[in-house]
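Here's the structure we're looking at; comments come further down.
The values are calculated or read from the model by the stated rules, or taken from the named source; none is laboratory data. The model shown is predicted, which means the values in this text are computed figures rather than measured ones. Cβ atoms come from the backbone with ideal geometry, glycine included; neighbour counts cover every protein chain shown.
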Amino acid sequence: MQTGRLIVAKFNVGEKVRVRDAHPMGHLRTPRYIMGKAGVVERICGEFGNPEDLAFGRDGTPKQSLYRVRFAQRDVWQGYDDGAADTVDVELYEHWLEPMAAKHGDAQ
Amino acid sequence: MQQVSSIAVPTENQILRAGTGARAVELSRRLQSGSQQMEKGRGVHDMGGLEAGPIDRESQHAFEWWEKRVDAMLVLLSGKDRQLITVDELRRGIEELGPGAYENLSYYERWIHSITHALLEKGILSSDELGRKMAEVESRADGAPDRGEI
Amino acid sequence: MSDTGGHDAGHDHDHSPPPDSGEGLGHYNVMEIAVRELLIEKGILEPDQIRAAVEAMDSRSPEGGARVVAKAWVDPEFKAQLLEDGTAACASLGVEMGPTRLVVVEDTPEVHNVLVCTLCSCYPRMLLGLPPDWYKSREYRSRVVREPRAVLREFGTELPDDVTVRVHDSTADMRYLVLPLRPAGTEGMSEAELAALVTRDCMIGVTLPGVPA
């Protein structure tokens, strides 16, 4: 949420998040392969205009937080049998992320 | 002074349009992949994780003069001083091309297509003046190659 | 041979014209000329600015990135700054990132990094120049996120099993650069000598830096 010009990042570094799964038309910067996957916020990159709106000539406001989210490859790909600790880092806009309710048995 | 290489490096268009069987199969496969993506509501450009063949590490086309100028135009048009087009609009225009054009057009062909489309959408250029100017360019060139003038 | 073409040679400012395709002007070549001339006529662009932008692009090569890497290898303070704020560190060397922000990812004995833009072709152009064709290809963009080690193997790079591979997909405004591990046997080498070991491909992460002979 924001008050005036102040943008408060919704998620913190280290927080577990899940990527929404949605397939609308338009200019998306959330790759299909990461939709529905859960990862951990590696860093908050700052505030940026929304590329989905910028792509259609609008000004992309309100700006929102952009996050670098780290995913375990074995959580992303079925049958990933390379390094068990391998990761993929993806930059994702806040409106594509949901909090992961902490449940016992959650991976990592 | 840089010596002109005696090895003819193909342009990206030449690589793309090469009539060899292997290349045709390759393009056909990519086209199929792009179409399947669209059926699932997935952009043709959104290819992370899809099946694909070996990476061609060797082919590196020689940038043509016009390609460099396209790149320069995008940098200038999207820069702080003008802000006439955004890179987001450029990307969106390319994504909207669909699998046929996406795979068959070269990288900078897609760029100039998208830039021109955006300029038309915004009314910075009209189709009429574009068409007249293109015809003039063609008749002026009269088959001669682009020598990199600006 | 992973680093082909003029972009990785010692002097890669290739001002020689590309080969004459012999086909006259292609449709999109004509379009570019027409659009450019119209924009100039309308006062939106000036020829000098376009020339300068082309020259600026031509002047950038992987040597820029190699200098940054070599400095980070010899200067711990610079390295710390580079990892903390890549944009500022490069600005201090006269390299401006423009509207993007640079994140430098460090290879360690335990971690190997590799870069991709699966959605298009985002690339640290200010440091490395224009990306190679393979980086923009469907094959690379599709496969490196899913099977990075197999892709690295195609580039002749074999990593030990106990090394973690991190793939970085630049989907937004960050641009990445891999800071490779400094090779063994390079003690006492000058910054320039070290920079000569750093290729474009090892700053993308598909190869490792050269070992001195």
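Here the condition is being more than 8 Å from chain B (Cβ to nearest Cβ), part of a loop (DSSP other than H, G, I, E, B) and either surrounded by fewer than 17 Cβ atoms within 10 Å (Cβ to Cβ) or among the polar types (S, T, N, Q) (or both); of C:GLY24, C:GLY43, it holds for C:GLY43 alone. Report whether or not C:LEU128 is under 19 Å from A:ARG43 (Cα atoms), buried (at least 22 other Cβ atoms within 10 Å of the Cβ) and either basic (Lys, Arg) or within 15 Å of the chain's Cα centre (by Cα) (or both). Against the criterion (under 19 Å from A:ARG43 (Cα atoms), buried (at least 22 other Cβ atoms within 10 Å of the Cβ) and either basic (Lys, Arg) or within 15 Å of the chain's Cα centre (by Cα) (or both)), C:LEU128 does not qualify.
Screening B:LEU84 against (1) at the interface with chain C (Cβ under 9 Å from one of its Cβ atoms); (2) in contact (Cβ under 8 Å) with a residue 24 or more places away in the chain; (3) part of a loop (DSSP other than H, G, I, E, B); (4) crowded, with 20+ Cβ neighbours inside 10 Å leaves a single unmet condition, (4).
Residue-wise test of (1) more than 7 Å from chain C (Cβ to nearest Cβ); (2) under 22 Å from C:ARG125 (Cβ atoms); (3) of a type in the set (A, V, I, L, M).
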residue	(1), (2), (3)
B:GLU39	yes, no, no
B:VAL44	yes, no, yes
B:ASP56	no, yes, no
B:GLU64	no, yes, no
B:GLY79	yes, yes, no
B:GLU95	yes, yes, no
B:GLU129	no, no, no
B:SER139	yes, no, no
B:GLU149	yes, no, no
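If you check C:ASP133, C:ASP162 for being free of Cβ contacts under 8 Å to residues at least 12 places away in the same chain, of a type in the set (Asp, Glu), more than 22 Å from A:ARG43 (Cα to Cα) and in contact with an Asp or Glu (Cβ under 9 Å, 6 or more places away or on another chain), only one passes: C:ASP133. Is the range B:108-121 home to any residue that is facing another protein chain (nearest Cβ under 7 Å), under 30 Å from B:LEU31 (Cβ atoms) and aromatic (Phe, Trp, Tyr)? Scanning the range B:108-121, I find no residue that is facing another protein chain (nearest Cβ under 7 Å), under 30 Å from B:LEU31 (Cβ atoms) and aromatic (Phe, Trp, Tyr), so the answer is no. Tell me yes or no: at least one residue of the range A:33-55 is away from chain B (no Cβ under 12 Å), of a type in the set (Ser, Thr, Tyr), crowded, with 21+ Cβ neighbours inside 10 Å and not in a loop (DSSP other than H, G, I, E, B). So far as the range A:33-55 goes, no, none of its residues is away from chain B (no Cβ under 12 Å), of a type in the set (Ser, Thr, Tyr), crowded, with 21+ Cβ neighbours inside 10 Å and not in a loop (DSSP other than H, G, I, E, B). If the condition is being under 22 Å from B:ASP56 (Cβ atoms) and out of contact with any Gly (no Cβ under 7 Å at 6 or more places or on another chain), then the range C:154-169 contributes C:GLU154, C:PHE155, C:GLY156, C:THR157, C:GLU158, C:VAL167. Looking only at residues in the range B:98-139 that are over 11 Å from the mean Cα position of the chain (by Cα), modelled with pLDDT under 95 and more than 14 Å from C:MET31 (Cβ to Cβ), the one that is surrounded by the fewest Cβ atoms within 10 Å (Cβ to Cβ) is B:SER139. Looking only at residues in the range B:66-77 that are under 15 Å from the mean Cα position of the chain (by Cα) and more than 7 Å from chain C (Cβ to nearest Cβ), the one that is farthest from A:ASP53 (Cα to Cα) is B:GLU67.
For the range C:175-195, filtered to residues that are crowded, with 17+ Cβ neighbours inside 10 Å and either among the aliphatic types (A, V, I, L, M) or part of a helix (DSSP H, G or I) (or both), the residue that is farthest from the other protein chains (Cβ to nearest Cβ) is C:MET189.
With respect to (1) at the interface with another protein chain (Cβ under 9 Å from one of its Cβ atoms); (2) within 21 Å of C:PRO62 (Cβ to Cβ); (3) surrounded by fewer than 24 Cβ atoms within 10 Å (Cβ to Cβ); (4) touching a strand residue (DSSP E or B) at 6+ places or on another chain (Cβ under 9 Å), the lone exception for C:THR164 is condition (2).
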